[in-house]
1. Given the structure, is THR181 within 21 Å of ILE222 (Cβ to Cβ), surrounded by fewer than 20 Cβ atoms within 10 Å (Cβ to Cβ) and of a type in the set (Ser, Thr, Tyr)?
2. Among residues belonging to region 139-176 that are modelled with pLDDT under 85 and open to solvent by 60 Å² or more (accessible area, probe 1.4 Å), point out the one that is nearest to SER85 (Cα to Cα).
3. For region 186-213, which positions are touching a residue at least 24 places away in the same chain (Cβ under 8 Å), loosely packed, with under 15 Cβ neighbours inside 10 Å and more than 16 Å from PHE148 (Cβ to Cβ)?
4. How many residues, within region 34-60, are touching a residue at least 24 places away in the same chain (Cβ under 8 Å) and out of contact with any strand residue (DSSP E or B) (no Cβ under 9 Å at 6 or more places or on another chain)?
5. Please specify each residue of region 65-121 satisfying the condition of being among the hydroxyl-bearing types (Ser, Thr, Tyr), closer than 22 Å to ILE222 by Cα and open to solvent by 50 Å² or more (accessible area, probe 1.4 Å).
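The values are calculated or read from the model by the stated rules, or taken from the named source; none is laboratory data. Every value quoted in this text rests on a predicted model; they were computed, and no experiment measured them. With ideal geometry, Cβ positions are generated from the backbone for all residues, glycine too; neighbour counts draw on all protein chains shown. SASA here: full protein model, heavy atoms, side chains in, ligands and nucleic acids out. Shrake-Rupley method; radii C 1.70, N 1.55, O 1.52, S 1.80 Å.
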Amino acid sequence: MIELSQTLTTPSISIQAEPVGIAQQLCQELEDDIVKGILPPGQRLEEPLLAKRFGVSRTPVREALQLLTATELAEKIPNKGVYVSLATPERLTAMFESMAELEAMCGRLAAIRMTSGERHNLEKLHHELAETVRLGDSDGYETLNRSFHNTLYRGSHNEVLVDVTLSVRRRVAPFRRVQFTSLARLASSHAEHQGIVDAILRGDSKATEELLYAHIMEVHDISQDYLISLRKAAPANDMPAFK
């Protein structure tokens, strides 16, 4: 079981709000830490340590953890506590299949609906990503990669689709970002982007759809390997039974 350690020893934050507002703010802080990989899948979220970290009582922390479990970024295990979600391989596949279908749909529509300015911005981001690959800057790549995909979502010009896509993306984000620990993956990810950008620039909706689906499922394979390694690393009798 992965325990909280130095990641929860940051200075307390000053929060001046009503109890419900405090819980929501704490939940947002924890969501950000999970998505950024500061709190990895399988890590236990202990109320006393979180209360100390944020400089608050345990009551708003407890409320924040309840809110966090509703997002599926964390899960409460009976008699064990709350942990950053560590999905089963089957659950992870289901999430990535959903992500791939949604991104593919966004791409198909974007190839048809993107304005010339949006296409130019996408191409610009792609060139900026190339520079991070050259420098081996995985953090920079991860940040720009989010902007790249968000630009694709917005290019669909379908607000409902964008909202749903971002919601699912948030659920898989802790696993999705694992790929950026490998410099070789940065290069291959960028090469996959090249095909997507080319298809969008020529308005080929079918090719964009197919390439984006394949791109996300490639990340799925990397994430599955990471998930399996996490489960193998933890003692069998010490790993909570995630669904």
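1. Working: within 21 Å of ILE222 (Cβ to Cβ): yes; surrounded by fewer than 20 Cβ atoms within 10 Å (Cβ to Cβ): yes; of a type in the set (Ser, Thr, Tyr): yes.
Spelling it out, THR181 is indeed within 21 Å of ILE222 (Cβ to Cβ), surrounded by fewer than 20 Cβ atoms within 10 Å (Cβ to Cβ) and of a type in the set (Ser, Thr, Tyr).
2. For region 139-176, the residue satisfying everything is ARG171.
3. GLY203, LYS206
4. 13
5. Within region 65-121, SER98 is the sole residue that qualifies.
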